[in-house]
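Structure record follows, encoded as structure tokens.
The values are calculated or read from the model by the stated rules, or taken from the named source; none is laboratory data. All figures in this text were calculated on a predicted structure; none of them were measured in a lab. A quick note on method: Cβ atoms are made from the backbone with ideal geometry, for glycine too, and the neighbour counts reach across all protein chains shown. Accessible surface areas use protein heavy atoms only, side chains included; no ligands, DNA or RNA. Shrake-Rupley method; radii C 1.70, N 1.55, O 1.52, S 1.80 Å.
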Amino acid sequence: MFKAADMSIWKGRTDDDGGDRSLRWHQCVTAIGEASGESGTALLGICCDEGVRRNMGRTGAAGGPDAIRPYLSNLPFLLDRPLYDAGNLYCEEGQLELLQEEHAELVRKLLNQNHFPLVLGGGHEIAFGNFSGFSRHLRDHGPVGPTGIINFDAHFDLRRAGRPNSGTPFLQAADLCRENNYPFKYFCLGISRTSNSRTLFDRAEDLSVDYLLDEELYPWKMAEAEQKLASFVRDCRQIYLSIDLDVLPAATAPGVSAPAARGVPLEILEHLLNFVTSEAGSKIKISDIAEHNPDFDIDGRTARTAAALCHLLVAKNGGSHE
């Protein structure tokens, strides 16, 4: 079920000095239905944790999008393009498969309107709706070419299951690529040895997945990670960038469906995101932030972190720091 943006969420401080240079997100965001049609960044909430429930995780991520928005409200507005709230999509009566179809069509529509969708989750089952909608958009406009997925995550999310869940989205993406006869290109950073079975490592190898373990992402190993990322980006025509908040240490992101025992420090994640966005530039067409579970957040730590990551991603896609 789709609901238009609730603009009452967007409120915050208003500064009297500086004029346009003091504006914040809550002063600039517009409901997409009221927009003039100019392309911009479109925030879309996917309020679903049915996939997490099926995967035996901690439910509550359905509340993620509206828990993140208040922390976005006071961010400084540094964009050269409009900012839109595209509303929320809800999973009704556990119908995840129907939700993923509706989600794909919404993403397709936003991309066809030349918006940059920044999708807020929700469990990581949102990844398949994003990739499916992205693929439909690309097919609408001719030959697809190599499409890369870059995912910051403690988990491969390549499980095979009887029904889709939060652990299956990138295997669903691989199946979709095979059905449409184009390559599956997937790079996952932050993989935890203790959170992925041998079967998943085997499947990643069978699918030629690129990955780096959380224990490999140290400051003194950044040159190696950057080299691998740069090579991956060069081989892609367009990129879908996904961030599962459980890639971060539990102390930084306690409000997730599966807290990390180790995780990748926030400063390393930010460094790699800055590198990817600088290296890929306009190749990045869609992004998401998944798995925020406000039921387990402490002092809004996870929501604040998610907002900071949104700021980074949006500033790199149509933003200005001047």
### Extension gain (nm, one decimal) between LYS3 and ARG198, 0.36 nm per residue minus Cα-Cα
66.1 nm
### Message
Using helices alone, I'd like the mean residue ellipticity at 222 nm for the chain: each DSSP H run of four-plus residues gives -39500 (n - 2.57), total over residue count, nearest 500.
### Response
-11000 deg cm²/dmol
### Query
Of all GluC sites (Glu not before Pro) in the stretch 1-92, which ones are in loop regions per DSSP and have a Cβ with at most 15 other Cβ atoms within 10 Å?
GLU38, GLU92
## Note on the structure
Checking rank on 272-279, 235-242, with mean other Cβ inside 10 Å and highest first, the result is 235-242, 272-279
### Query
Looking at this model, which pairs from LYS185/LYS283; LYS3/LYS283; LYS221/LYS283; LYS11/LYS109; LYS185/LYS285 are more than 21 angstrom apart at the alpha-carbon?
LYS3/LYS283; LYS221/LYS283; LYS11/LYS109
### Task
Kindly point out which whole DSSP H helices in the chain project their C-alpha atoms 27 angstrom or further along the helix axis while averaging a Kyte-Doolittle hydropathy of 1.0 or above.
none
#### Entry: Two-decimal log10 I(q)/I(0) for the stretch 206-284, as the Debye equation yields it once each C-alpha is a single scatterer, q = 0.20, 0.27 Å⁻¹
-0.98, -1.33
### Whole-angstrom gap from the stretch 244-317 to the stretch 67-96, using each part's C-alpha centre
15 Å
### Query
What order, most packed first, do the peptides 6-19, 157-170 have when packing is the mean number of other Cβ atoms within 10 Å of each residue?
157-170, 6-19
### Stretchable slack from GLU215 to ASN114, in nm (0.36 nm times residue separation minus alpha-carbon distance)
32.6 nm
### Summary
Taking Rh as the Kirkwood radius computed over alpha-carbon pairs of the chain and applying Stokes-Einstein at 4 °C with viscosity 1.567 mPa s, one gets a diffusion coefficient in µm² s⁻¹ of 67 µm²/s
### Task
Provide, in order from the shortest bin, the percent of all Cα-Cα pairs of the stretch 150-293 in each 10 Å bin, continuing until the bin that contains the maximum pair distance.
11, 43, 38, 8, 0
### Task
Would you mind pulling out the separation of the Cα centroids of the stretch 1-39 and the stretch 176-222, in Å?
37 Å
### Cα-based convex hull, the stretch 92-233, per residue volume (Å³, whole number)
130 Å³
### Message
Computing the accessible area with a 1.4 Å probe over protein heavy atoms, can you report the carbon and sulfur percentage for the stretch 192-322?
### Response
46 percent
